[in-house]
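These notes are about the structure you will find just below.
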Amino acid sequence: MGKVIVVTSGKGGVGKTTSSAALGAALAQNGEKVVVVDFDVGLRNLDLVMGAERRVVYDLVNVIQGEAKLTQALIRDKRVETLYLLPASQTRDKDNLTPEGVEKVIAALKSAFDWVICDSPAGIERGATLAMRHADIAIVVTNPEVSSVRDSDRIIGLLDSKTLKAENGERIEKHLLLTRYDANRAERGDMLKVDDVLEILSIPLLGIIPESMDVLRASNVGAPVTLADGRSAPALAYFEATRRLKGEDLPVTIPGEKRSFLGKIFGRKAA
Amino acid sequence: MKLFGFFSRGQSAPAARERLQVLLAHERASTGDIDLVNKLRDEILKAISKHMQVDDEKVSIKMERGAQVSTLAVDIEIPFDAGKKAA
Ligand SMILES: Nc1ncnc2c1ncn2[C@@H]1O[C@H](COP(=O)(O)OP(=O)(O)OP(=O)(O)O)[C@@H](O)[C@H]1O
Ligand SMILES: [Mg+2]
């Protein structure tokens, strides 16, 4: 049985889609069988970020409405054989996602893949709650900036109440992925400190992804950043994050600082 | 594959521009529900199902939308006794 991950944030534009593609590709590059599912119905973008936009035949809504079989809607990556994409619909809206339909699709994907990564839409409405519904693990994508942290807090609340795990009295595993971290602004003291964000949200840190041109370049050519340039700083940070996701106890380095810090911060368990 | 050429270095913006042009041309054309590739896909499947019981799992459909031409590949497994079962 595969694990279901939701990549979520509340706030828009913080790097969910970029991270879904990069983490999915990184896992697949290590030989794991991965599917990334675009839940942003009506505004799909994961296909573009992964460079599969010209090959979309059917989408999640087609599958849920019974117009296509799941196997027909899955798009296999041309570079990494074990990486697949299930695109969202561009022309229909979120109302076409039914809870029963989503449940069936996720169950089928879980039995065929090691990892099912759900790229959530922004917001706290239906699309976002359906994307998190069946998750075993949540990756909360946050920028070191006040409104993003506030929205992440809100999303953590939803994860603890609206997911199936929460409803069954189980604990959903939550991780913080701090993205678009700008070492220069941090140096000048104009950015929230990593420790501050961790203290406020009090969920363990999965990684820190630096703000980088490499991310833009990767999305221009249509490749997850771990594939576009595997040695770039953001790619390395995503590779490390996947190792932590698999349980490895790797220290987190703050971009721009040599000192690595682990100890009480990374080790802290969710409250 | 052509894409890999872009990874080597140089500018990535031209690739972004070209990809967007092709994608948007197709998306704009399909808002009026006249996306030819989609229509062909559906009609081909309909035609097939007239002659045999179509097992969706045995039908694989691939598309590649290009600037000048698009390709549609429909791959169907037809069982030996398919013709008899129809009608
Ligand atoms: N580490 C980074 N460095 C530089 N740019 C980044 C980084 N991460 C994301 N971006 C850019 O930020 C923008 C938003 O990213 P992305 O689409 O991944 O966010 P999102 O959370 O999925 O947005 P939405 O809520 O609209 O779905 C994109 O232009 C992306 O290229
Ligand atoms: Mg997104």
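The values are calculated or read from the model by the stated rules, or taken from the named source; none is laboratory data. All values reported here derive from a predicted model rather than from experimental measurement. Cβ sites come from the backbone with ideal geometry, for glycine too, and all protein chains shown count toward neighbours. Surface accessibility is based on the protein's heavy atoms, side chains included, excluding ligands, DNA and RNA. Shrake-Rupley method; radii C 1.70, N 1.55, O 1.52, S 1.80 Å.
Observations
- Search result, residues across the stretch A:56-65 that are open to solvent by less than 60 Å² (accessible area, probe 1.4 Å) and either assigned to a loop (DSSP other than H, G, I, E, B) or in contact with a Leu (Cβ under 9 Å, 6 or more places away or on another chain) (or both): A:Val56, A:Val57, A:Tyr58, A:Asp59, A:Leu60, A:Val61, A:Val63, A:Ile64
- Criterion violated by A:Leu48 - all others in (1) surrounded by fewer than 23 Cβ atoms within 10 Å (Cβ to Cβ); (2) away from ligand 1 (no atom under 11 Å from the Cβ); (3) touching a residue at least 40 places away in the same chain (Cβ under 8 Å) satisfied: (2)
- Of all residues in the stretch A:172-197, those that are within 16 Å of ligand 1 (Cβ to nearest atom), without any contact (Cβ under 8 Å) to a residue 60 or more places away in the chain and part of a helix (DSSP H, G or I) total 2.
- Members of the stretch A:224-245 found to be open to solvent by 20 Å² or more (accessible area, probe 1.4 Å) and either touching a His at 6+ places or on another chain (Cβ under 6 Å) or under 23 Å from A:Glu173 (Cβ atoms) (or both), listed by number: A:Phe239, A:Glu240, A:Arg243
- Within the stretch A:187-209, the residues that satisfy the criterion of being more than 19 Å from A:Ile137 (Cα to Cα) and either aromatic (Phe, Trp, Tyr) or open to solvent by 20 Å² or more (accessible area, probe 1.4 Å) (or both) are A:Glu187, A:Arg188, A:Gly189, A:Asp190, A:Leu192, A:Lys193, A:Asp195, A:Asp196, A:Glu199, A:Ile200.
- Filtered by the rule that a residue be more than 8 Å from ligand 1 (Cβ to nearest atom) and either without any contact (Cβ under 8 Å) to a residue 12 or more places away in the chain or surrounded by fewer than 24 Cβ atoms within 10 Å (Cβ to Cβ) (or both), the stretch A:5-30 gives A:Gln29, A:Asn30.
- For the stretch A:210-220, the candidate set comprises residues that are buried (at least 22 other Cβ atoms within 10 Å of the Cβ) and of a type in the set (A, V, I, L, M, F, W, C); within that set, the residue that is nearest to the other protein chains (Cβ to nearest Cβ) is A:Ala218.
- Of the candidates A:Arg54, A:Arg79, the single residue that is touching a helix residue (DSSP H, G or I) at 6+ places or on another chain (Cβ under 7 Å), within 14 Å of another protein chain (Cβ to nearest Cβ), in contact (Cβ under 8 Å) with a residue 40 or more places away in the chain and more than 16 Å from ligand 2 (Cβ to nearest atom) is A:Arg79.
- For the stretch A:21-37, the condition of being under 15 Å from the mean Cα position of the chain (by Cα), within 14 Å of chain B (Cβ to nearest Cβ) and not in a loop (DSSP other than H, G, I, E, B) holds for at least one residue.
- When residues of the stretch B:32-71 are limited to those that are assigned to a strand (DSSP E or B) and over 13 Å from A:Gln72 (Cβ atoms), the one least open to solvent (accessible area, probe 1.4 Å): B:Glu64
- Consider the stretch A:215-253 and keep the residues that are touching a strand residue (DSSP E or B) at 6+ places or on another chain (Cβ under 6 Å) and hydrophobic (A, V, I, L, M, F, W, C). The one that is modelled with the lowest pLDDT is A:Val252.
- Residue in the stretch A:87-136 that is nearest to the other protein chains (Cβ to nearest Cβ), counting only those that are touching an Asp or Glu at 6+ places or on another chain (Cβ under 6 Å) and within 13 Å of ligand 1 (Cβ to nearest atom): A:Ala88
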